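Below is one structure, written out as structure tokens; the observations come after it.
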Amino acid sequence: MTIATILVMALCIKAGLWQYNKAESKKALQTQLNARLNESAISLNDHVLDFNNDDIESLRFKRVKVSGTYNTRYQVLLDNQVDNTVVGYHVITPMQIESTKKYVLVNRGWIAGNPNRTLPKIDTPVSIQAIEGDIALPSSRFFTLEDSASKDEKRMIEDNPIWQHMDMQLYAKSVPFAIQPFIVRLDSKCNAGGGFKRNWPIPAERVSMHLGYAYQWFGFAFTLLVIFIVLNVKKVER
């Protein structure tokens with residue numbers, strides 16, 4: 001009984017700390033986002049963003065602007081994106097930066113999916129587009145049941161443009177051009193760029209949820225402690 005109680009309490013406390021740390025992480029991201037809002041957008045046409053794998057995090061939420069043309073052949077639809085209880089996709093289209101051979105992915109926003117799971121019609125401007133947005137860094141940690149190793153990487157997007165996760169490394173292997181390791185989220189106020197619905201989530205939205213879960217887990221641990229003490233006090237009295 002004692003060992004089992006200690007183990008369960010430890011698990012509850014660990015789960016609570018995990019949720020609490022998630023909340024603190026969201027707070028830090030919100031602070032970073034707020035700071036970026038006051039910065040001027042830099043042009044990807046004129047500047048090369050210097051970074052390595054260790055400091056790419058410093059680019060998160062950085063305001064950028066870029067002009068170029070879309071290449072819909074290698075467009076990806078990010079599945080299971082929900083807007084106001086409706087399931088749909090985020091449309092992620094590579095843009096060739098004007099007068100260069102460089103490409104950057106642009107998240108053009110959310111569109112509703114079809115009930116029969118057929119691909120929705122996506123209109124894309126063919127002329128040069130001048131857009132503005134901020135940098136998003138897709139998570140590199142996710143769980144998938146897809147066996148990408150058994151597929152032809154060079155045909156993955158053409159054979160199936162619907163992806164469950166935005167795997168930047170896999171995408172880079174699947175296209176015949178060099179791609180920046182981040183995504184530009186099209187600004188909700190940008191009228192150019194063939195944008196769709198863009199209610200981008202903010203980190204602070206989930207802080208209260210994570211804190212609520214943390215307090216629940218801490219509460220479970222405290223309840224177990226009280227029950228353990230009461231039961232053992234009764235044993236001593238007997």
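The values are calculated or read from the model by the stated rules, or taken from the named source; none is laboratory data. Predicted model only: the values in this text are computed from it and were never measured. Reconstructed Cβ throughout: ideal geometry from the backbone, glycine too, with neighbour counts over all protein chains shown.
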ask   = When GLU39 is evaluated against the numbered criteria (1) over 21 Å from SER188 (Cα atoms); (2) surrounded by fewer than 15 Cβ atoms within 10 Å (Cβ to Cβ); (3) among the charged types (D, E, K, R), which criterion, by number, is the only one it fails?
value = (1)
remark   = Among (1) in a loop (DSSP other than H, G, I, E, B); (2) at pLDDT 90 or above; (3) in contact with a His (Cβ under 7 Å, 6 or more places away or on another chain), PHE142 falls short only on (2)
remark   = Going through (1) modelled with pLDDT of 95 or more; (2) more than 23 Å from LYS173 (Cα to Cα); (3) aliphatic (A, V, I, L, M) one by one, LEU119 fails only at (1)
key: Positions within segment 106-118 being more than 22 Å from the chain's Cα centre (by Cα) and touching a residue at least 40 places away in the same chain (Cβ under 8 Å), in sequence order   = none
remark   = Only one of VAL86, VAL126, VAL91, VAL66 is among the β-branched types (Val, Ile, Thr), surrounded by 15 or more Cβ atoms within 10 Å (Cβ to Cβ) and out of contact with any Gly (no Cβ under 7 Å at 6 or more places or on another chain), namely VAL66
request  = Report whether or not LYS14 is loosely packed, with under 13 Cβ neighbours inside 10 Å, part of a helix (DSSP H, G or I) and modelled with pLDDT of 80 or more.
outcome  = yes
ask   = For residues in segment 186-235 being loosely packed, with under 15 Cβ neighbours inside 10 Å and of a type in the set (D, E, K, R), which is modelled with the highest pLDDT?
value = LYS189
Among residues of segment 128-139, those that are closer than 13 Å to ASP167 by Cα and either at pLDDT below 55 or touching a helix residue (DSSP H, G or I) at 6+ places or on another chain (Cβ under 6 Å) (or both), counted = 1
note = All conditions in (1) of a type in the set (A, V, I, L, M, F, W, C); (2) farther than 30 Å from PHE228 by Cα; (3) at pLDDT below 80 are true of ALA41 except (3)
LEU33 vs. criteria assigned to a helix (DSSP H, G or I) and either more than 23 Å from GLY193 (Cα to Cα) or within 18 Å of the chain's Cα centre (by Cα) (or both) = yes
request  = Test each condition in (1) of a type outside the set (S, T, N, Q); (2) farther than 17 Å from ILE131 by Cα; (3) surrounded by fewer than 17 Cβ atoms within 10 Å (Cβ to Cβ) for GLU98 and report the one that comes out false.
outcome  = (2)
request  = Sort out for me the helices (runs of 4 or more DSSP H) sitting completely within segment 154-238 that have 2 or more residues that are touching a residue at least 40 places away in the same chain (Cβ under 8 Å) and in the same structural domain as GLN30 (by TED's automatic domain parsing).
outcome  = 207-237
inquiry  = So ASP83 ticks every box in (1) more than 22 Å from PHE196 (Cα to Cα); (2) of a type in the set (D, E, K, R); (3) within 20 Å of the chain's Cα centre (by Cα) but one. Which box is left unticked?
reply    = (1)
request  = Among the numbered conditions (1) in contact (Cβ under 8 Å) with a residue 24 or more places away in the chain; (2) touching a Pro at 6+ places or on another chain (Cβ under 8 Å), tell me where ASP83 comes up short.
outcome  = (2)
